[in-house]
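Q: One structure, as structure tokens, below. Some questions next.
A short reminder: the numbers here are calculations on the coordinates, not readings from a lab. Note that the coordinates shown come from a computational prediction; the quantities given were computed from them, not determined experimentally. So basically every Cβ, Gly included, is an ideal-geometry build from the backbone, and we count neighbours across all protein chains shown.
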Amino acid sequence: MTDKNKVYIFDTTMRDGEQSPGASMSLEEKIQIARVFDELGIDIIEAGFPIASPGDFEATSEVSKILKKSIPAGLSRHSKKDIDRCYEALKHAPRFRIHTFISTSPLHMKHKLNKSSEEVYESIKEHVTYARKFTDDVEWSCEDGTRTNMDFMCRTVELAIKSGAKTINIPDTVGYTVPSEFTKIIQTLMNKVPNIDKAILSVHCHNDLGLAVANSLAGISAGARQVECTINGIGERAGNASLEEIVMAIKTRNDLMPYETGINTTLLSKASKVVSNATFPVQFNKAIVGKNAFAHEAGIHQDGMLKNRNTYEIMTPESVGVKKTSLVMGKHSGRHAFKDKLNELGYVDITDDVIQTAFGKFKVLADKKKHVYDDDIAALVDDSLIKEDNVINLKSLKVFAGTGEPQRAEMTLEVYGEIKKSTETGDGPVDAIFKCIKTLYPHDVNLQLYQVHAVTEGTDAQATVSVRIEENGKTTVGQAADTDTLVASANAYINALNKMIIKRDKIAPGQSNEQKYEQKMKGI
């Protein structure tokens, strides 16, 4: 890529992003994030605000020591103590950046700094020059730039460059501007500051009006060649411009924005997860890295995706590190997507009648449940495939529980038409019940899930029990409801077991399960 088309990515997740309430990161978390960011290809990593606290100083220092490709940066106010502290934190790195700033808007100068515009102007000369003594990589920011008088901004930018700043950052500190206005600000600086060619122009946008990414892209199109952003868009108030959105917007719409970044986009999802684990969850519908970013539930969309993925996806999930598109099965899903899901689950030879029956049951279930899982769908199909009575049926159950004696269950089952009885003790009544079933129908499965849910309130509520079992990588889910939780538990386990027997026949049709059962009982 040429310098003219290169857009430098300046990440401030660990500095500005950490200022978001609830986003404070430990030293270990910052080091882990820094390693991922370095691998991701971020050009500059702002690791902290060293003067803010001993913890920030230590984190900035430790991050600066481990980076292999990215340039570490630290933030400082216009204060020699701040700049000294920045240098002390960063000096271990072979190259580093000191990022110093001061407010330039009338509102901030009057009420925050209590300084005149001329005092601010002189401060720029003093402190940029001072920072330049420690490194030739100095960045200067005019805080609240988008509410700064344009003529004054041009003067301050020209002075900062004369004093040694190699990067000039224009922050939309309070997320106030809009793309057309921000474009004009950047264009004015490009046209009116005589030495602007001696520095890289940068943008730093907040998301208070939901325009941070749009404003950042407008700034790039107008001539800025560095963008300051955060993973997942975290930051103060409504957050910062989202790194992954900016990078993928440039990559996807390279026809309109003919620029390049050095980001390995296949690691974006990984970076998002690492930051999310250290801070807070990402909203499901977040662009690029949200759980639903490559998920489709609407039947029309799913049908289009199955015919040609470009119909409803403008980028591939693989391009951002997501394994594949997800066709989420829900009440909006169509028959085409349902049939495709069955093929994915291994049901490749079932008839249209079975599919139609299962699809009808699926629609009823989807109206009741927010999430319909693969196991739910498999259970519906297995139910539709049953053309005769279950292999195993519960005939009677008595349970003895309480203190003083071992819990005991007495059970009668019908197994392949044969009535069988057993009594077993266990570590609790449910354990005793499940032992009875294993005695009466010998089998070896792993119990993965046992859950009890009350359908309604009160002590007389009907209980719904869910059981999931696994055998040789195949899972089945059984459910049963009863006002007696123990009866529901027995029936749920038996239901899952009957479904597993069906799956065994489907996998190895040469020998029936009844024949296998008879051989097992004879010890063959």
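Q: Scan the helices (runs of 4 or more DSSP H) fully inside segment 1-118 and keep the ones with 3 or more residues being touching a helix residue (DSSP H, G or I) at 6+ places or on another chain (Cβ under 7 Å) and surrounded by fewer than 24 Cβ atoms within 10 Å (Cβ to Cβ).
A: By residue number, 27-40, 54-66.
Q: Six or more apart or on different chains, Cβ under 7 Å: which pairs go from a residue in segment 420-431 that's within 17 Å of N393 (Cα to Cα) to one that's among the basic types (K, R) and assigned to a strand (DSSP E or B)? Could you list them?
A: Close Cβ pairs (under 7 Å, with a partner that is among the basic types (K, R) and assigned to a strand (DSSP E or B)) amount to T423/R408.
Q: Here's something else I'd like to know. Tell me, which residue of segment 392-446 that is of a type in the set (A, V, I, L, M, F, W, C) and part of a loop (DSSP other than H, G, I, E, B) is nearest to the chain's Cα centre (by Cα)?
A: By that ranking, first place goes to V445.
Q: Hey, among the residues in segment 31-45 that are free of Cβ contacts under 8 Å to residues at least 40 places away in the same chain and out of contact with any Phe, Trp or Tyr (no Cβ under 7 Å at 6 or more places or on another chain), which one's nearest to E58 (Cα to Cα)?
A: The extreme case among them is I31.
Q: Which residues, counting only those in segment 1-41, are under 16 Å from N277 (Cβ atoms) and of a type in the set (S, T, Y)?
A: T13, S20, S24, S26
Q: Which ones in segment 215-243 are farther than 19 Å from L189 by Cβ and either of a type in the set (D, E, K, R) or more than 21 Å from the chain's Cα centre (by Cα) (or both)?
A: E236, R237
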